[in-house]
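Everything on this sheet refers to the single structure shown next.
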Amino acid sequence: MADTLQSKLTAPEQQQQVVQACQELIDSEVADKSGLAGLAIKAGYKAVKGIRPGFIAQVLRDLLPEFSQALEPIYARGMEAVSQGRAGGIGAYFVGQTSQVAEALLSITDDKAARSNKGIVKGTYDKLRGMAKKNVESAVPRLAQLIEQFAGKS
């Protein structure tokens, strides 16, 4: 298998650890939210988590290949920059590409939400989508650490 972000994040020997780390990232990001927007995000996340036990982990397992594929061009450029000494690490490179990372991830979730047959998922996503880019961008440093941990080596 090629040395891609997807192959690293979905490798059978570490996929469950990656999914767990992603869920912890989301839990931390949601917990850090404050104000009225934070209350809306927390309520929406609680509603989605309540669909059934393990729902978030299953969604992450399902989305991981698509997320990693969407991030692949950024990852490839970042690994090249790291190998040429133009970036301190893949995590630092991702932080420097915050807007592009957010857009890549949101392109996947926009499509999935639009095709969901679960009304609560669609409704919650539609209500929160307006603030999504800002919130995804705020999560990029944690995501960058995760990518550094699981896919930072060539």
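The values are calculated or read from the model by the stated rules, or taken from the named source; none is laboratory data. Everything quoted here is computed from the prediction, not taken from an experiment. Quick note on the areas: whole protein, heavy atoms, side chains included, nothing else; ligands and nucleic acids left out. Shrake-Rupley method; radii C 1.70, N 1.55, O 1.52, S 1.80 Å.
Things worth noting here:
- The string of couplings for the stretch 46-61 from the Karplus curve (6.51, -1.76, 1.60, θ = phi - 60°) is 4, 4, 5, 4, x, 4, 5, x, x, 4, 4, 4, 5, 4, 4, 4 Hz, one whole number per residue in order, with x for Gly and Pro.
- Area accessible to solvent at residue 126, 1.4 Å probe radius, in Å²: 110 Å²
- Under the Karplus curve 6.51 cos²θ - 1.76 cosθ + 1.60, θ = phi - 60°, whole-Hz ³J(HN,Hα) for the stretch 124-134, x wherever Gly or Pro sits: 5, 4, 4, 5, 9, 4, x, 9, 5, 4, 4
- Solvent-accessible area, 1.4 Å probe, carbon plus sulfur percent, for the chain: 55 percent
- For residue 10, no residue 5 or more places off, or on another chain, has a built amide H under 5 Å of its own.
- Probe 1.4 Å, protein heavy atoms only - accessible area per residue of the chain in square angstrom: 54 Å²
- For the chain, the gyration tensor built on C-alpha atoms gives a prolate shape. Its axis ratio a/c (a ≥ b ≥ c) is at least 1.5, and a/b is the larger of a/b and b/c.
- Which listed pairs, of 42/112; 127/153; 46/112; 33/122, have C-alpha distances above 31 Å, in listed order: 127/153
- Estimated vicinal HN-Hα couplings, Hz - the stretch 71-83 in sequence order (Karplus 6.51, -1.76, 1.60; Gly, Pro = x): 8, 3, x, 5, 4, 4, 4, x, 5, 5, 4, 5, 5
- Each stretch of four or more DSSP H residues adds -39500 (n - 2.57); spread over every residue of the chain, this sum gives -26000 deg cm²/dmol at 222 nm.
- Mean shadow area of the stretch 97-154, taken as a quarter of the surface of its Cα convex hull (nm²): 4.7 nm²
- Under 5 Å between amide hydrogens, built in the peptide plane, is the criterion, and for residue 87 it picks out 82 among residues at least 5 positions away or on other chains.
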